[in-house]
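The values are calculated or read from the model by the stated rules, or taken from the named source; none is laboratory data. What you see is a predicted model; the values in this text were computed from it and never measured. Reconstructed Cβ throughout: ideal geometry from the backbone, glycine too, with neighbour counts over all protein chains shown. Ligands, DNA and RNA are stripped out before the accessible areas are found, and what is left, the full protein with its side chains, is counted by its heavy atoms. Shrake-Rupley method; radii C 1.70, N 1.55, O 1.52, S 1.80 Å.
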Amino acid sequence: ASMFSNTKVRKIFIKALLIISFIGCDKYDDGIPNIRFQKSIGLIELADVGHLQAAKVSGGVNGIIIFRLGDNEFKAYERTCPYEVSPNCLADVGDIQLIARCPCCGSEFNLAYGDLNKGPSRWPLKQYRAVVSGQMLHISN
């Protein structure tokens, strides 16, 4: 007879899975408040924003960066840095429109992919939904 019954093996397996899932769990908590908001912007207002370029608009917690990937493809990000959560530490776009940088900590964020390029932040900028419908860009969370 086997030293372990199917029930014992199953219990050990489930406990091991639970332990592994808790160890590997790095809760995403960037410290930025989750406020409900919606904003609609006419595409005509974004006509000066070319491909792979960004614009800043009001909304969200401390403003939004809108990044244009293509004719009708946009990404929208919260400007609040997830490392320095403060209205004084807002990610901004410089000469290289593809990158947003926090002036306080130096973290850099890729606007095309939404990735963190360089820390000390552990998280990317908070991303909002950006959907084109007709001649409007709708941003929401």
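Filter region 47-68 down to residues that are under 16 Å from the mean Cα position of the chain (by Cα) and either among the polar types (S, T, N, Q) or under 15 Å from Tyr113 (Cβ atoms) (or both), then give me how many there are.
Taking region 47-68 and keeping what is under 16 Å from the mean Cα position of the chain (by Cα), we get 54, 56, 59-68.
Going one step further and asking which of them are either among the polar types (S, T, N, Q) or under 15 Å from Tyr113 (Cβ atoms) (or both), we end up with 54, 62, 65, 67-68.
Qualifying residue count, region 47-68: 5.
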Breaking point among (1) in a strand (DSSP E or B); (2) surrounded by fewer than 17 Cβ atoms within 10 Å (Cβ to Cβ), for Glu45: (1)
Residue within region 64-74 that is open to solvent by less than 70 Å² (accessible area, probe 1.4 Å) and in a loop (DSSP other than H, G, I, E, B) present: no
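Could you check, for region 31-42, whether at least one of its residues is among the charged types (D, E, K, R) and out of contact with any Ser or Thr (no Cβ under 9 Å at 6 or more places or on another chain)?
No.
Do any strands (runs of 3 or more DSSP E) lying entirely in region 99-141 carry at least 2 residues that are open to solvent by less than 30 Å² (accessible area, probe 1.4 Å) and either among the hydroxyl-bearing types (Ser, Thr, Tyr) or in contact with a Gly (Cβ under 8 Å, 6 or more places away or on another chain) (or both), and which ones are they? Give the steps one after another, and end with the answer.
On the way: elements: 99-101, 108-110, 116-118, 127-133, 136-140.
Because the criterion is at least 2 residues that are open to solvent by less than 30 Å² (accessible area, probe 1.4 Å) and either among the hydroxyl-bearing types (Ser, Thr, Tyr) or in contact with a Gly (Cβ under 8 Å, 6 or more places away or on another chain) (or both), the strands (runs of 3 or more DSSP E) in region 99-141 that meet it are 136-140.
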